[in-house]
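Beneath this line is the structure, given in C-alpha cells, with notes to follow.
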Amino acid sequence: MTVGTPQERRPITSCDQIDLSDWDFWARPMAEREHAFELLRARDTPMFFAEPEVTYAPPGRGYHAVVRHADVLEISRNPEVFSSGSGGATNIPDMPPEFTEYFGSMINMDDPRHARLRRIVSRAFTPKMIQKFEEDVQIAASVVVDELLEKGPGCDFVTEVAARLPLKIICDMMGIPEKDYRFVYDRSNIVLGASDPEYVPRADMDSVVTALLTAGSELQQLVQELAAERAEKPTGDLISALVNANIDGERLTLQELGSFFILLVVAGNETTRNAISQGLLLLTRNPGQKRLWLSDIDRYAPKAVEEIVRLASPVNYMRRKVTRDVTVNGVDYREGDKTVLYYWSANRDAAVFDDPYRFDITRDPNPHVGFGGPGPHFCLGAHLARREITVMFRELLSRVPSIEAGHPELLFSSFINGVKHLPCDFR
C-alpha cells in the first residue's frame, strides 16, 4: 500500500482523474475530495470503478459509486434487490468466510436472518434499561468534563473527551469491566483503522488482514467469556439480557453475540466519538454558530446535533449487491453488480441541502443519511448516539464555553471519516 506525495498529485479537474479505489485519493486534502465528489454528483449516472486489490478475495467486476442523495435513498429502500448479505456491506471486495466469524453481524445480513437478530437484540433493550443508560450518559459526560478541566488546555480532545464517553457507555451497557476499557478501545481502533499506520504499522495487505482477524478474535473471546459467566449468574447488563434471551424460542448463538458486540463497539463507539470530534471542529471554524448555540443551549441542541452528524458523516459508505436486474432513477443495474452508497457525499448534495458545506445549527429540514438510509439497516443505535452527542456538547458549552479545536490529525481510511487526534484549548 503506497501513497503518493502531495507534489506528485495533480489537481482533480475531471472525473477521469478520480479513482475511489486508489489509496492516494483518500490521502488528498479534504477540499480536493469534496471537489471530486461534486464532479461525481454532477454526472448523469454513477461512475463505475474497479475494485480495490486485496489478497483475501479474488478481484470483482467493479462497483457503481452511488453519490447522490436521491439514489442512496431509493437503493436503501429496496433491501430485497440491493443485498447487504451477499459478501458483506462494510467492505467493497467480498468478505471471505474467515471474516464472517467475527464481522458477520446484522449489518452484513439480509432478512430473514437480519430480522431475527434485530428482533432478539431490540427486545433486550427494555424501557428500564434504556432509561438507565440515558441517565448514565449524563453522569459520564459530567465526569469527562470534570477531568478535562483538571488536565487543563492542550490535551488531546479525541482521547480525553470524544472517545471516553461512548466507550464507557458501550462497555457499561454490555457489562465489560473497567479494566478492559483500554483493551476494547485499542482493538476497535484496529478494526476501523487498520489502513492507518498508527494502528497497524505495515505496508502490505496481509498484515492488515492478520491485524483485523486478531482484533476480531480477541473482542469476540472477551464477550464470549463474559457471556458464559452471565449465563450462570446474570446481572443487569446487556450481555446477560442477550445470552439469556428467548424470543419466541429463538436465542443468540455465542458467535452471533460476539459479532454483535464487535458491531456495537465499532458502530456505537468509534462513530460517535468521530461525530463529537468533528462537532468541536465545526464549532471552532464557525464561531458565529457557536455563539448562537451558546445563546440557548437546549433550544438549539436538537438541530445542531443533526447538523453535526450530517457534516461529520462518520461512516463514508456501505456496500450493496444487486440480486436481480433493476432500474433505479433511470440507471440500469445488472444482477451481481455492486453499488457503494456514499453517505458522506449524499449529505453534501446541493439538490437537497441549501449551501451544503455551510454549518447551520438551525437547518430545517435536514434529511441527512448520517445514520444510514431508510430501511431495515437504519442505525439501531441512532437514539443513543444523539443522546451522547447532545449531552456531551451541553456539558462542554455550559462549562467550557471557550473550548476550541486545533489542527486535526485525520484517520487514513476510505470507510471512516475519522479524527485520530485533536488538540484543544480553553481558558
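The values are calculated or read from the model by the stated rules, or taken from the named source; none is laboratory data. These numbers come from a predicted model, not from an experiment. Positions of Cβ are backbone-derived with ideal geometry, glycine not excepted, and every protein chain shown enters the neighbour counts. Side chains included, ligands, DNA and RNA excluded: accessible areas come from the protein's heavy atoms. Shrake-Rupley method; radii C 1.70, N 1.55, O 1.52, S 1.80 Å.
Cross-link reach is defined here as a Cα-Cα straight distance under 26 Å, omitting same-chain residues fewer than 8 places apart; for residue 168 the lysines meeting it are 128, 132, 151, 179, 233, 303, 420. Over region 30-94, the reciprocal of the mean inverse Cα-Cα separation, the Kirkwood hydrodynamic radius, stands at 13.6 Å.
With N the number of residues in region 70-136, Rg(Cα) / (2.2 N^0.38 Å) evaluates to 1.40. Applying the Karplus relation 6.51 cos²θ - 1.76 cosθ + 1.60 with θ = phi - 60° to region 210-216 yields 3J(HN,Hα) values of 4, 5, 5, 5, 5, 4, x Hz, where x marks Gly and Pro. When the square roots of the Cα gyration tensor eigenvalues are ordered a ≥ b ≥ c, the ratio a/c for region 105-162 is 1.5 or more and a/b does not exceed b/c, which makes its shape oblate. Computed from backbone phi with θ = phi - 60° and the Karplus coefficients 6.51, -1.76 and 1.60, the 3J(HN,Hα) list for region 112-121 is x, 4, 4, 5, 4, 5, 5, 5, 5, 5 Hz; x is used for glycine and proline. With N the number of residues in the chain, Rg(Cα) / (2.2 N^0.38 Å) evaluates to 0.96. Here's how it looks for residue 424: its modeled amide H is under 5 Å from those of 154, 155, 157, 406, which are all 5 or more places away or on a different chain. Partner lysines whose Cα lies under 25 Å from the Cα of residue 338, excluding those fewer than 8 positions away in the same chain, are identified as 321. Paramagnetic label reach from residue 123 (point 7 Å along Cα→Cβ; backbone nitrogen cut-off under 11 Å): within region 222-252, residues 245-252.
With the whole protein complex present, residue 212 retains an accessible surface near 30 Å², based on a 1.4 Å probe.
For residue 410, the residues 5 or more places off, or on other chains, whose built amide H falls under 5 Å of its own are 420. With all protein chains in place and a 1.4 Å probe, the accessible surface of the chain carries 52 percent carbon and sulfur.
Simple spin-label estimate for residue 364 and residue 139 gives 3.4 nm between the two label positions (7 Å along the Cα-to-Cβ direction from each Cα).
Taking amide hydrogens as placed 1.01 Å from N in the peptide plane, the amide H of residue 315 sits under 5 Å from those of 417, each at least 5 positions away in sequence or on another chain. Each residue of region 250-256 was assigned a 3J(HN,Hα) from its phi angle through the Karplus curve 6.51 cos²θ - 1.76 cosθ + 1.60 (θ = phi - 60°); the sequence is 9, 10, 7, 6, 4, 5, 5 Hz, with glycine and proline shown as x. Estimated from helices alone, the mean residue ellipticity of the chain at 222 nm is -14500 deg cm²/dmol (sum of -39500 (n - 2.57) over DSSP H runs with n ≥ 4, per residue).
Accessible area per residue for the chain, computed on protein heavy atoms with a 1.4 Å probe, is 43 Å². Only Cα sites of region 179-312 enter the Debye sum here, all with the same form factor; the resulting log10 I(q)/I(0) across q = 0.11 1/Å is -0.60, listed in q order. For region 179-258 versus region 100-175, the spacing of their alpha-carbon centroids is 14 Å.
Ordering 336-349, 293-306 by mean Cβ neighbour count within 10 Å, with the highest value first, yields 336-349, 293-306.
Each of 255, 238, 228 was placed along the dipole of region 216-273 (beta-carbon charges, centred on the mean Cα), and the one lying farthest toward the positive end is 238.
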